[in-house]
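**Student:** The structure follows.
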Amino acid sequence: MHFNLADQYHHRESIVHGLNPRVKVLGVVLYIFAVGLLPEGEWLGFLLYFLFLIISYQLSGLEFFFVLRRSLIALPFLLAAFAIPFTTPGDEWMKLPIIGWTITETGAIRFASIVIRAWLAVQAAVVLISTTRIPDLFWSLSALGMPSILVSTINFMYRYLFVLADEVLRMLRARSARSPRLPHKPKPPVLWEGRVAGSMVGSLFIRSIERSERVYSAMLSRGFDGRVLVKRKFKMKQTDWIIMVAVIAFVFMSQGLIHLR
Amino acid sequence: MYVSFLALHIPDGFLSTEIAIVGWILVVPILAYALRQTKRHLGERQVPFLGVIAAFIFAAQAINFPVAAGTSGHLLGGALAAILLGPWAATVIMVAVIVIQALLFQDGGLVVMGWNIINMGVITSFTGYAAYIFIKRLMGNRSGSHLSGAFFGAWLSVVVASLATAIQLAFSGTVPLRLALPAMASVHILIGVGEAIITVGAVSLLLVLRPELLTSGEMAPGKKGAYFTVGGILLVLFVAALSPFASMNPDGLEAVAAQGGFLQLGENPVYEIFPDYVFPLIQNEAVATFLAVGVGAMIVFVISILIGRRAARPQGVPK
């Protein structure tokens with residue numbers, strides 16, 4: 001199954017690709033935290049943080065439009081913020097022509113700020129996922145203190161994600177082959193269709209349970225004793241320290257400048 | 001191929017930093033306990049088992065069915081996982097799903113992930129499971145008790161999770177509670193029906209093919225404290241919705257209404273979308289929403305019992 005993943009960017013070579021994944025994860029989390037701390041309507045601050053992203057694109061050789069496309073995933077959630085421009089008290093800024101709802105100035109600023117913060121955060125996450133191999137990413141999670149048993153579970157999930165997704169794709173194809181929508185025929189009742197979908201989920205569950213049993217016996221036959229070993233490990237190199245310090249310095253200085261001004 | 005379905009994956013930027021940190025503080029001990037429980041129950045089999053089942057939940061979320069007007073019903077999966085494997089194992093599975101969705105697909109934020117785990121992992125697992133065992137105990141050994149429990153549990157899990165999400169958004173000052181709570185509740189009361197139908201379909205197939213899987217789900221750890229946990233969750237949500245913090249930010253509608261612009265809006269279009277929620281005698285929208293959800297839950301409760309009984313009969317081809 002084709003997921004819109006970023007694997008095709010993993011094999012490039014750049015400073016960002018070569019960084020210790022732990023540094024990248026920490027840097028991205030710190031960046032998102034810092035974006036969250038930017039006050040509303042601090043346009044210069046937002047611009048500064050956007051420039052920081054642009055520099056990271058340059059350093060990692062990512063195309064802006066690729067990141068832009070990936071960063072649209074958070075868009076549907078904007079509906080949750082839809083009411084802000086209308087409900088925040090403040091001076092009237094403009095009135096919507098037909099429905100006559102009033103947009104306040106503070107409301108518009110708050111809405112724009114939330115959208116920008118969310119957008120910057122998603123872009124940072126896209127840079128992380130596009131420049132880091134997935135096993136390295138999971139390694140960094142355990143290096144940063146996530147319980148190793150959870151990291152192994154996530155690792156397994158990632159490994160079988162595509163197998164089960166293919167399974168689903170085949171089931172969906174089989175369903176549409178056997179119950180096509182014919183013109184001039186009445187629609188089957190929604191409950192019935194829902195039950196069919198549920199049966200598919202149920203049989204997928206049985207297949208998954210059976211698969212997990214096969215996987216476990218295969219692991220046992222190869223000497224699994226409860227520990228999951230990782231071959232690739234990372235040490236902190238000079239560049240890692242430099243970038244780490246640079247990101248921390250950027251975040252602290254920018255936040256200091258913005259909040260003390 | 002990957003599409004985000006539910007308005008429950010909060011992206012970064014929508015919660016204030018303080019609230020996001022509180023979410024992580026809550027998640028860490030819950031997760032540690034969940035891991036200990038599943039480890040004791042499953043042993044070294046845990047990693048491949050939970051990993052593959054997490055991949056199953058992720059893949060099953062892509063199975064949908066058309067409802068009406070281009071919308072489709074689909075699965076979140078927390079309640080189904082809890083029914084089949086117990087609430088603690090379901091929590092671990094949902095954590096894996098949420099981490100993968102946030103890291104690989106940017107669906108849901110990284111810094112706000114604590115709350116996403118609580119909403120879609122902990123709350124769905126425990127409310128789904130508690131409602132399921134409650135109905136099962138109520139109906140005893142009658143045929144269809146599994147299905148009724150699955151229907152009610154799946155519906156309730158999605159609705160409670162959406163209430164929690166709305167309250168977090170309100171505490172962050174993103175959306176005023178009086179809008180967020182009724183809006184989220186009304187959307188997810190419908191989404192919950194899709195979740196319930198799929199869950200019932202899955203459970204009814206498993207009852208026929210592998211009934212022992214359902215029995216083993218009931219033996220899994222987590223049964224003892226499930227009622228208390230869910231009671232606690234509901235109480236916290238209710239208190240939070242009423243607390244002054246939720247309306248502390250100056251977004252109260254009165255302030256805007258004083259200027260006139262929003263007054264008409266408040267009386268006309270927005271609230272007419274949710275007429276069911278505005279009980280005439282109750283001024284506070286939070287209380288009104290909770291009441292409406294309570295009444296809705298009772299209705300769905302009755303429907304689930306009817307559905308369970310009906311679906312337990314041998315099924316035929318639709319006419």
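**Student:** Being touching a residue at least 12 places away in the same chain (Cβ under 8 Å), aliphatic (A, V, I, L, M), within 25 Å of B:Glu212 (Cβ to Cβ) and buried (at least 18 other Cβ atoms within 10 Å of the Cβ) is the requirement here; does B:Leu76 meet it?
**Tutor:** no
**Student:** Here is a further query. Going by what's in this entry, would A:Leu30 be described as closer than 30 Å to A:Gly256 by Cβ, more than 9 Å from every other protein chain (Cβ to nearest Cβ), assigned to a helix (DSSP H, G or I) and modelled with pLDDT of 90 or more?
**Tutor:** So A:Leu30 passes the test.
**Student:** Being over 24 Å from B:Ile117 (Cβ atoms) and in a helix (DSSP H, G or I): is that true of A:Ser140 here? Please lay out each step first, then the result.
**Tutor:** Numbers: over 24 Å from B:Ile117 (Cβ atoms): no; in a helix (DSSP H, G or I): yes.
Criteria not met by A:Ser140.
**Student:** Sticking with this structure for a sec: Are there any pairs with C-beta distances below 7 angstrom linking a residue in the range B:134-156 that is surrounded by 19 or more Cβ atoms within 10 Å (Cβ to Cβ) to a residue that is in a helix (DSSP H, G or I) and of a type in the set (Phe, Trp, Tyr), with the two at least 6 apart or on different chains, and if so which?
**Tutor:** B:Ile135/B:Phe152; B:Gly149/B:Tyr132; B:Ala150/B:Tyr132; B:Phe152/B:Phe301; B:Gly153/B:Tyr129; B:Gly153/B:Tyr132
**Student:** Only residues that are more than 7 Å from chain B (Cβ to nearest Cβ) and under 16 Å from B:Ala55 (Cβ atoms): list them for the range A:172-208, please.
**Tutor:** A:Arg207
**Student:** Within the range A:124-137, how many residues turn out to be assigned to a helix (DSSP H, G or I) and more than 9 Å from chain B (Cβ to nearest Cβ)?
**Tutor:** The qualifying residues number 5.
**Student:** How many of the residues making up the range B:210-220 are surrounded by 14 or more Cβ atoms within 10 Å (Cβ to Cβ) and at pLDDT 80 or above?
**Tutor:** 3
**Student:** Here is a check on your reading of the model: is A:Leu120 among the aliphatic types (A, V, I, L, M), at pLDDT 90 or above, loosely packed, with under 15 Cβ neighbours inside 10 Å and on the phi < 0 side of the Ramachandran plot?
**Tutor:** On the way: among the aliphatic types (A, V, I, L, M): yes; at pLDDT 90 or above: yes; loosely packed, with under 15 Cβ neighbours inside 10 Å: no; on the phi < 0 side of the Ramachandran plot: yes.
No; evaluated as a whole, the condition is false for this residue.
**Student:** Helices (runs of 4 or more DSSP H) wholly in the range B:57-163 with at least 2 residues that are aromatic (Phe, Trp, Tyr) and more than 29 Å from A:Asp166 (Cα to Cα) - which ones?
**Tutor:** Ranges flagged: B:124-139.
Residue-by-condition table, conditions (1) touching a strand residue (DSSP E or B) at 6+ places or on another chain (Cβ under 8 Å); (2) crowded, with 24+ Cβ neighbours inside 10 Å:
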site	(1), (2)
B:Val28	no, no
B:Leu31	no, no
B:Arg36	no, no
B:Lys39	no, no
B:Leu42	no, no
B:Gln46	no, no
B:Val52	no, yes
B:Ala55	no, yes
B:Pro66	yes, no
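**Student:** A follow-up question, please. Of all residues being modelled with pLDDT of 90 or more, more than 29 Å from A:Gln8 (Cβ to Cβ) and not aliphatic (A, V, I, L, M) in the range A:33-65, which is surrounded by the fewest Cβ atoms within 10 Å (Cβ to Cβ)? Just the residue, please.
**Tutor:** Looking at residues that are modelled with pLDDT of 90 or more, more than 29 Å from A:Gln8 (Cβ to Cβ) and not aliphatic (A, V, I, L, M), I get A:Trp43.
**Student:** Right, another one. Output the number of residues of the range A:138-152 satisfying the condition of being facing chain B (nearest Cβ under 7 Å) and either surrounded by fewer than 19 Cβ atoms within 10 Å (Cβ to Cβ) or at pLDDT 90 or above (or both).
**Tutor:** The number of residues fulfilling the criteria is 2.
**Student:** Pick from A:Leu51, A:Leu62, A:Leu47, A:Leu68: which is away from every other protein chain (no Cβ under 11 Å) and not in a helix (DSSP H, G or I)?
**Tutor:** A:Leu62 is the lone residue from the list that is away from every other protein chain (no Cβ under 11 Å) and not in a helix (DSSP H, G or I).
**Student:** Follow-up question, since we're still on this one. Here is a check on your reading of the model: is B:Ala161 more than 9 Å from chain A (Cβ to nearest Cβ) and at pLDDT 85 or above?
**Tutor:** yes
**Student:** Is it true that some residue in the range B:189-197 is in contact with a His (Cβ under 7 Å, 6 or more places away or on another chain) and either within 9 Å of chain A (Cβ to nearest Cβ) or more than 30 Å from A:Ile114 (Cβ to Cβ) (or both)?
**Tutor:** Scanning the range B:189-197 turns up at least one residue that is in contact with a His (Cβ under 7 Å, 6 or more places away or on another chain) and either within 9 Å of chain A (Cβ to nearest Cβ) or more than 30 Å from A:Ile114 (Cβ to Cβ) (or both).
Every residue, every condition in (1) of a type outside the set (A, V, I, L, M); (2) at pLDDT below 90; (3) within 30 Å of B:Ile198 (Cβ to Cβ); (4) part of a helix (DSSP H, G or I), yes or no:
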| site | (1), (2), (3), (4) |
| --- | --- |
| A:Val163 | no, no, yes, yes |
| A:Pro183 | yes, yes, yes, no |
| A:Lys187 | yes, yes, yes, no |
| A:Glu193 | yes, yes, yes, yes |
| A:Gly202 | yes, no, yes, yes |
| A:Gly223 | yes, yes, no, no |
| A:Lys231 | yes, yes, no, no |
| A:Trp241 | yes, no, no, yes |
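**Student:** Among the residues of the range A:33-44, count how many are closer than 18 Å to A:Ile248 by Cα and away from chain B (no Cβ under 14 Å).
**Tutor:** Residues flagged as closer than 18 Å to A:Ile248 by Cα and away from chain B (no Cβ under 14 Å) within the range A:33-44 amount to 0.
The values are calculated or read from the model by the stated rules, or taken from the named source; none is laboratory data. In this text, all values refer to a predicted model and were calculated from it rather than measured experimentally. Neighbour counts run over all protein chains shown; Cβ positions are idealised from the backbone, glycine included.
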